[in-house]
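The values are calculated or read from the model by the stated rules, or taken from the named source; none is laboratory data. Predicted model only: the values in this text are computed from it and were never measured. Here the Cβ positions follow ideal geometry from the backbone for every residue, glycine too, while neighbour counts run over all protein chains shown.
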Amino acid sequence: MAEAASTSGAIRSRGDLRGDPRRQRRERIVRTTMLSAAVFSVLISLAIVFALTGGAVDFVRRLDDLGLLFSPQGWFPRSNAFDVRAIFVGSLIVSIIAMLVAAPLGLGAAMYLSEFAKPRARRFLKPILETLASVPSVVMGFFALRFISPEIVQSLFPQAEFFNALAAGIGVGLLVTPLVASVAEDAMHAVPNALREASFGLGARRRLTSTRVVFPAAVSGITAALILGISRAIGETMIVAIAAGGTSGTTIHLDPLVGTQTMTAAITALATGSDQVRGAGPAYYSFFFVGILLFLMTLSLNLISERFVRRIRRQY
Amino acid sequence: MGGSTAVVAAREEVRRALMGRRRDLGTTLFQLGLLLTLILALAILLVLLGQVTAKALPVLQERGGQILSSSYSSLAERAGVRYGIIGSLYLMIFVVVIAFPLGIGAAVYMEEYARDTRFNRIINANIRNLAGVPAIVYGILGLAIFVELLGDVTSGAGVEGKSLLSGGLTIAIMVLPIVIITTAEALRAVPQSLREAGFGVGATRWEVIRSHVLPNAAPGILTGSVLAMARALGETAPLIMVGAVTGFLATSGGFVEPLQERFTALPTLIFAYTKKPQPEFQEVAAAGILILMGTIFLVNLTAILLRNRYERKW
């Protein structure tokens, strides 16, 4: 009887207002299922942290001497030289080159799309950036090694090696450009039109308005875009693994025209290929150590960038 | 008088400023400069595609479909991408079966159930941070958990955990945050009034979600999921970490058995061929890239068409 009442939807007694127990049970089950899916994401984070720290601790424990972490030879895990500064500098060089490409290209594209392009042009131009963003990093690596290095870098600098940080950095920069453009465009788009109109009303032209009014107003979002770009550039792996050279390690140097190894490339080199030295000694475990440094660096950059993004939200 | 000529001159200047050409050279040049950045991006894309096609064409003309049907080889004239394609298809199954339901479930919880509590804010921040974790770190995670810790479960004898199962789970976990974030965006776009109408006629929360929210958010969810799939297709670094091999796969056939065996994927093969110094292998790599990029473009195009077809403005 109660079942019939609930299925027909009519309320016959006060008890029915509490609802059908089966519906309530189903509601609870669904809610718990969805919650566990959300909690699973927290488990992933915990697993990442535990996996990285576990391996990193293993590595440090296997080191005979902590001074090896600043070995004067550089980063050559096979010969027990673990100077993380060497691959950190490698990552830094590649990221700086990448941002020298991505910042002007990305911000220029963002400003054009946000301030100058007509809606119809936008609809045609935006997919270009989206397509560039969808190029897999292994493909960009191929392009960096087989085109950028011989045709651009080596023809400008004949003394450059075939594997060099400059070609890899340019490749990384091209891949990061769409990300910078998209975040920066969002920031400029969020600047209220009243500011632009006030500027035009004072007689400023479009160029002055976009560089002196819109750009400063969007500067926190633009900063966020650049920081996010750096974070992505540091974490980029395949392009440097293919085109930057330095497969066995690197010394500390700042020359972009020779091969170098970045933190990400060091991880892949250790886990695969000729450098695989399982079991014996600390070499195998060193990539966990590099991994946790990489994780902490990108995480803090992402958090800083998020703070900048939140600042624009609060302003407008 | 001097005064009156000054007035006339000033009047003339004001007239010219008001009636003359409105365009100023500075703005035009600046605008052209900005446009140039976009044109440069397009040019790079075209050069990339042109280079790849030019390198791939000779080998495709010579060997045609044979590239598709032959497996990895240390002889360039015999090398192909067959197992790479099969492996990549398997990996997509993992993304669809694991990442999609988990991601959509998590997003539904975050958008529909979660109140603004401390616990939920932590989950939310956590998901956003996961999306920014470099792919290679997911590779280390997969290596530590699926290869080393659960190696006996994920793989058969002699594989040491470096199985298709490990690779698939790693890739699925990697794209999970992307699926959650795009799904949450699609759910947020469904107007609140739709939900209130459902509650108003006595539906429970799940009934509202199932009958009102999900159907209306479906195009957005689908688009996001398809884009996550395109991302997973091109990802290489995490697969290398969990031990994707390049070739000489001894598959025992069947559909389930390969799960516990060694695996490879299309981008892994491209990586292997690219690293070889001989120019003949560059052609095989280029052919592989052409296949990979073609597939990714098709997948992306599907997503864009879906978005344009079903997008509704509320």
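Counting only residues that are facing chain B (nearest Cβ under 8 Å) and of a type in the set (Val, Ile, Thr), segment A:230-245 holds 3 of them.
Please pick out the residue among B:GLU185, B:GLU160 that is over 28 Å from A:ARG26 (Cβ atoms) and in contact (Cβ under 8 Å) with a residue 12 or more places away in the chain. Let's see the steps before the verdict.
Working: B:GLU185 fails: over 28 Å from A:ARG26 (Cβ atoms).
Going through B:GLU185, B:GLU160 in turn, just one is over 28 Å from A:ARG26 (Cβ atoms) and in contact (Cβ under 8 Å) with a residue 12 or more places away in the chain: B:GLU160.
Checked against the criterion of being over 30 Å from A:GLY173 (Cβ atoms), out of contact with any His (no Cβ under 7 Å at 6 or more places or on another chain) and at pLDDT 90 or above, segment A:57-68 contains one or more residues that satisfy it. In segment A:149-175, the residues that are more than 19 Å from A:THR247 (Cα to Cα) reach residues that are among the basic types (Lys, Arg) and surrounded by fewer than 24 Cβ atoms within 10 Å (Cβ to Cβ) with C-beta atoms within less than 9 angstrom, at least six apart or across chains, in these pairs: A:LEU175/A:ARG232. Within segment B:267-280, the set of residues being assigned to a helix (DSSP H, G or I) and surrounded by fewer than 20 Cβ atoms within 10 Å (Cβ to Cβ) comprises B:LYS275, B:PRO279, B:GLU280. Residues satisfying the criterion are absent from segment B:125-142 (criterion: farther than 28 Å from B:ARG307 by Cα, surrounded by fewer than 24 Cβ atoms within 10 Å (Cβ to Cβ) and either in contact (Cβ under 8 Å) with a residue 60 or more places away in the chain or of a type in the set (A, V, I, L, M, F, W, C) (or both)). Every condition in (1) in a loop (DSSP other than H, G, I, E, B); (2) within 14 Å of chain A (Cβ to nearest Cβ); (3) among the aromatic types (Phe, Trp, Tyr) holds for B:TYR72 except the one numbered (2). The set of residues from segment B:7-36 being modelled with pLDDT under 85 and within 30 Å of A:THR177 (Cα to Cα) comprises B:ASP24, B:LEU25, B:GLY26, B:THR27. Taken residue by residue, segment B:142-156 has at least one member that is within 11 Å of chain A (Cβ to nearest Cβ), under 20 Å from the mean Cα position of the chain (by Cα) and at pLDDT 90 or above. Taking the conditions (1) within 14 Å of another protein chain (Cβ to nearest Cβ); (2) closer than 29 Å to B:LEU130 by Cβ; (3) modelled with pLDDT of 90 or more in turn, A:ARG26 satisfies each one other than (2). Considering B:LEU150, B:LEU164, the condition of being on the phi < 0 side of the Ramachandran plot and surrounded by fewer than 16 Cβ atoms within 10 Å (Cβ to Cβ) is satisfied by B:LEU150 alone. Looking across segment B:286-304, just one residue is away from chain A (no Cβ under 11 Å) and modelled with pLDDT under 90, and that is B:THR302. For the residues B:ILE44, B:ILE86, B:ILE98, the requirement of being of a type outside the set (Phe, Trp, Tyr) and at pLDDT below 90 singles out B:ILE86.
Residue count for segment B:36-46 under the criterion of being under 22 Å from the mean Cα position of the chain (by Cα) and either at the interface with chain A (Cβ under 7 Å from one of its Cβ atoms) or surrounded by 15 or more Cβ atoms within 10 Å (Cβ to Cβ) (or both): the result is 5.
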